[in-house]
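Below: one structure, written as structure tokens.
Every number here is computed from the coordinates shown, using simple stated rules; none is lab data. Keep in mind the model is a prediction, meaning the values are calculated, not measured. Virtual Cβ from ideal backbone geometry, glycine too; neighbours counted across all protein chains shown.
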């Protein structure tokens, strides 16, 4: 009895919302995000509480868009980058929704959407919600150095996105009235933890590319699909460095993805105009780009079938100090337009 | 469309293993654990690597008991208490099993078993695995003070268990040859994050009791079951303080659980002989007690039907410093003996 790597689903992402900070709202996708705060504080006194507030605002906005109440949501999957995932717990506590806390680093957006899709596709609940976030200021002081220190960043370093995304998912069997097209999760692959051999915490893209490679190849091998069956293969967040590495690694495996490939960390900032070095990253990066830019294009039919992979680096500052390599994981969702 | 809180499952926990340190092996359940290391190091040079090694050993032992290979396991749910859940990622990476990282603090054992039970009950994979751990020494230096500091502990403080538990779960529909009885997960409840109003990090039991109350009451209300329908209602890890509070809170709601109630944090250490104050705690506590003591009694039919709830405190040292209250969550599994 061997396992199949690809899990069938039939889940509609029927509402979503994005909340971002100042730098993100000045980027190329700036006017697509639902809520923006140029000072990144969202009315809170600490960066950690600001991040929690972004999660609360994101879920609240998604629920408002779809006129869904908290007691209609059966399960909430959430996670973030902070120690003990406190942005999620504190940000979402007041909703009173059954809560499954996740830790998948920057892969958590795909991880939470994947589990939400499973819950509704297999009839375990009617509506599931997925919420993830990251905040540049809370991440910098936890993972790197206090902002006040003004440390110089390596050319490959990625910029943690200040943002939160929330998604509401239900079975695609349900015929619900819809003015626009629908975005349906058809298949999923749960990632395997990969050891990249990279020890440089300022080069996460390189560390995570092998995880994206593993997940993509497992998907293509089992399904016999090819990269050109898709309008878009989008990772989050390999950035410029990791994205180039993934394209090369995939080519070596016989898959040419260059023509349809993009990365949420490349899409969210303007590389020339904004000083982001390797591109964006963080649980919030892929979440807000998916919600604000990619899903609307799928719903409108501009993208008829895509692969969305979020990659996460599963190390901690302490594990790196102890000489460990950066581990990574990548979860995949195949998302289709339905009229 | 209101949500139902109780999810039906039909999942057999068909193998498990427990790995513990010195203090746990000297406790009342000491000779029941599969692997023990009196120096808590498991051959590693850092406490964090020791904890990872315990996870690896636990899963390896459970797989060996059931003669299951890694490529037969479709999904691995894992988590721990360390920042960025590094014990799980590093400890389990070499198995190459599709990996879903969780963060539920000390509730992670129930969280991982619950998701494993859902995966196999609804046909998403044939075998799922759940692995969790905690380590006294890695937890003390991350959450409290370095061991060398020799800080005095409050009377209500709990002792983080050095231990890891692993569980293999498959659909209970499958008729597999078994010399002994079976332990089958029949129903589950996903916990809701509760705000206890407690700010004292040395009184986790009090902070987590309201979460156990909420989950238990939701289960009893929806199923119309009563406490005396069960041979055992066991929490992990409210300890002595939190256990007393839960019993009182339940009584106020009209449920008398005192006669069948116990707590993994009370069972694992000898209160008189071992200096543990409030009892044991940690992701590893409920995992090793469930694996080594409770499940074997269910399989033998000494316990015909039980409720297992693991409770987790969802704060971080930073969130407490910022004046936040301790949040908590409790996930529930109803486990039945089957001949």
Scan of segment A:133-155 for residues that are within 20 Å of the chain's Cα centre (by Cα) and more than 12 Å from chain B (Cβ to nearest Cβ), ordered by number: A:133, A:134, A:135, A:136, A:137, A:140
Positions within segment A:70-81 being under 21 Å from residue B:100 (Cβ atoms) and more than 9 Å from chain B (Cβ to nearest Cβ), in sequence order: A:77, A:78, A:80
Segment A:93-102, subset facing chain B (nearest Cβ under 7 Å) and touching a residue at least 12 places away in the same chain (Cβ under 8 Å), residue farthest from residue B:194 (Cα to Cα): A:102
Hits in segment A:313-334 (condition: within 19 Å of residue A:102 (Cα to Cα) and at the interface with another protein chain (Cβ under 7 Å from one of its Cβ atoms)): A:314, A:315, A:316, A:327, A:329
Which numbered condition residue A:285 misses (of (1) within 14 Å of chain B (Cβ to nearest Cβ); (2) in contact with a helix residue (DSSP H, G or I) (Cβ under 6 Å, 6 or more places away or on another chain); (3) within 20 Å of residue A:246 (Cα to Cα)): (1)
Qualifying helices (runs of 4 or more DSSP H) (wholly inside segment B:251-339; at least 2 residues being more than 22 Å from residue B:107 (Cα to Cα)): B:295-300
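Find the residue count for segment A:60-69, including only residues that are in a helix (DSSP H, G or I) and within 13 Å of chain B (Cβ to nearest Cβ).
Within segment A:60-69, residues that are in a helix (DSSP H, G or I) and within 13 Å of chain B (Cβ to nearest Cβ) number 1.
Quick check: is even one residue across segment B:264-271 within 14 Å of chain A (Cβ to nearest Cβ) and crowded, with 24+ Cβ neighbours inside 10 Å?
Narrowing segment B:264-271 to residues within 14 Å of chain A (Cβ to nearest Cβ): none.
Checked against the condition, which is being within 14 Å of chain A (Cβ to nearest Cβ) and crowded, with 24+ Cβ neighbours inside 10 Å, segment B:264-271 yields no hits at all.
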Residue that is nearest to the other protein chains (Cβ to nearest Cβ) [pool: residues in segment A:185-202 that are surrounded by fewer than 23 Cβ atoms within 10 Å (Cβ to Cβ) and closer than 20 Å to residue A:264 by Cα]: A:201
Search result, residues across segment B:221-239 that are crowded, with 21+ Cβ neighbours inside 10 Å and assigned to a helix (DSSP H, G or I): B:239
